[in-house]
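Here, each number is a calculation from the coordinates, and none is a lab measurement. No experiment lies behind these values; they were computed from the predicted model shown. We place every Cβ from the backbone using ideal geometry, glycine too, and count neighbours over all the protein chains shown.
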Amino acid sequence: MSRDALRIRDLVVEPGARRRGVLRVGETGAGPVEMPVVVIHGSRPGPTLCLTGGVHATEYPGQTAVREMARQLDPATLAGAVIAVPVVNTPMFAARTAFVSPVDGLNLNRVAPGRPDGTVTELIVHALFTEILSLATHHIDCHGGDLTEILWPYAAYRMTGKPEQDEIGEAMARCYSPRIVALFREGTPLVPTGTVTSEAARRGVVSILGECGSAGGLDPADVATHVHGITNVMRFLGMLAGSPVVPASQLVGTGQFVVQARRGGLLRLSVGIGETVAEGQPVGEIWDLFGDVVETLRAPGRGLVRIIWTHKAVNSGDLVLKCWVTEPAPPFPPTDRFVR
Ligand SMILES: [Zn+2]
């Protein structure tokens with residue numbers, strides 16, 4: 001809420017101003033590793049919201065939305081400040097590698113909060129936490145399906161057990177997502193550790209994950225979903241004028257399950273992204289190289305198909321579907337109930 005300038009190294013941004021720069025965070029053999037940063041410091045007090053894209057740098061719609069927001073936001077009408085990092089993982093962006101860095105083979109979204117004496121990926125995420133997220137009260141990490149993933153949009157928040165923080169985090173996720181909201185708790189199956197949002201939340205930053213986009217695409221509709229989500233959250237936080245609009249038909253993802261191939265061969269799925277499958281329902285077949293059906297895949301429970309992998313050839317143990325177990329979300333509370 002301070003009216004002091006925001007400072008990130010030599011980037012000094014007074015209220016009412018927009019500035020951009022790059023942070024050098026490490027080096028490869030070919031030169032510096034840098035992270036682009038844009039700060040929009042509003043002329044009125046309010047929260048400090050960090051927007052990150054490109055943690056997985058081949059997920060393009062989310063990072064494009066961060067870039068668009070950083071260019072469009074007007075410091076004169078903004079309450080609070082936005083610190084935008086359109087592409088966190090620039091080595092991955094340059095090399096077009098899915099999930100992991102080409103430099104050290106690490107998944108940045110599994111090694112948060114990084115290490116000051118680590119490898120390049122750990123240095124990037126360390127700089128993100130110590131120099132950027134340390135200034136933020138709220139955070140949105142924009143992702144989507146990576147190069148090999150077809151994804152049904154959702155937003156997620158990792159519950160911390162701190163009621164005031166969790167209430168705002170849940171509301172932000174509901175403001176972001178067009179349909180599915182996931183609230184992860186300690187011990188929720190299939191939820192990774194060392195993610196940027198979970199570690200930020202542990203440090204008191206109200207941090208959500210926004211996921212939209214598929215398979216290395218850059219569909220304008222997916223960018224618009226992210227932009228709408230960010231805008232809606234900023235309205236909820238009082239940073240932009242207007243009231244958030246939360247869809248009436250939201251679902252809460254209360255659990256998840258996967259369908260795996262036991263046999264190798266050619267996968268022929270019979271369900272699509274966003275479809276609801278029943279327990280025991282056939283969801284696909286695996287054909288061997290002669291065309292014989294060697295396995296019929298069945299859903300182990302009732303769920304909504306949330307990720308399909310694009311590969312058609314499968315090996316024993318490969319994931320072929322990931323599904324949400326869902327229930328209807330309760331009505332969204334009146335926004336004046338929240339203390340932000
Ligand atoms: Zn991702």
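Take the conditions touching a Ser or Thr at 6+ places or on another chain (Cβ under 9 Å) and either part of a loop (DSSP other than H, G, I, E, B) or surrounded by fewer than 19 Cβ atoms within 10 Å (Cβ to Cβ) (or both) and apply them to residue 268. Does it pass?
no
Out of all the residues in the stretch 210-230, which are within 16 Å of the ligand (Cβ to nearest atom), within 10 Å of residue 177 (Cα to Cα) and either surrounded by fewer than 20 Cβ atoms within 10 Å (Cβ to Cβ) or hydrophobic (A, V, I, L, M, F, W, C) (or both)?
212 - this is the single residue of the stretch 210-230 that is within 16 Å of the ligand (Cβ to nearest atom), within 10 Å of residue 177 (Cα to Cα) and either surrounded by fewer than 20 Cβ atoms within 10 Å (Cβ to Cβ) or hydrophobic (A, V, I, L, M, F, W, C) (or both).
Go through the stretch 151-174 residue by residue and tally those that are in contact with a strand residue (DSSP E or B) (Cβ under 8 Å, 6 or more places away or on another chain) and either of a type outside the set (Asp, Glu) or under 12 Å from residue 139 (Cα atoms) (or both).
Qualifying residue count, the stretch 151-174: 15.
Which residues, counting only those in the stretch 9-20, are at negative phi and not acidic (Asp, Glu)?
11, 12, 13, 15, 17, 18, 19, 20, listed by residue number.
Restricting attention to the stretch 4-24, which residues are outside any strand (DSSP E or B) and in contact (Cβ under 8 Å) with a residue 24 or more places away in the chain?
If the condition is that a residue be outside any strand (DSSP E or B) and in contact (Cβ under 8 Å) with a residue 24 or more places away in the chain, then 5, 9, 14, 15, 16, 17 are the ones that fit.
Of these, 171, 182, which one is among the small types (Gly, Ala, Ser), closer than 30 Å to residue 272 by Cα, in contact (Cβ under 8 Å) with a residue 60 or more places away in the chain and within 16 Å of the ligand (Cβ to nearest atom)?
Every option except 182 fails the conditions.
For the stretch 311-340, name all the residues that are farther than 17 Å from residue 183 by Cβ, within 25 Å of the chain's Cα centre (by Cα) and exposed (fewer than 10 other Cβ atoms within 10 Å of the Cβ).
Matches in the stretch 311-340: 339 only.
Please indicate, with yes or no, whether at least one residue in the stretch 138-155 is of a type in the set (A, V, I, L, M, F, W, C), away from the ligand (no atom under 16 Å from the Cβ) and touching a Lys or Arg at 6+ places or on another chain (Cβ under 8 Å).
The answer is no; no qualifying residue exists.
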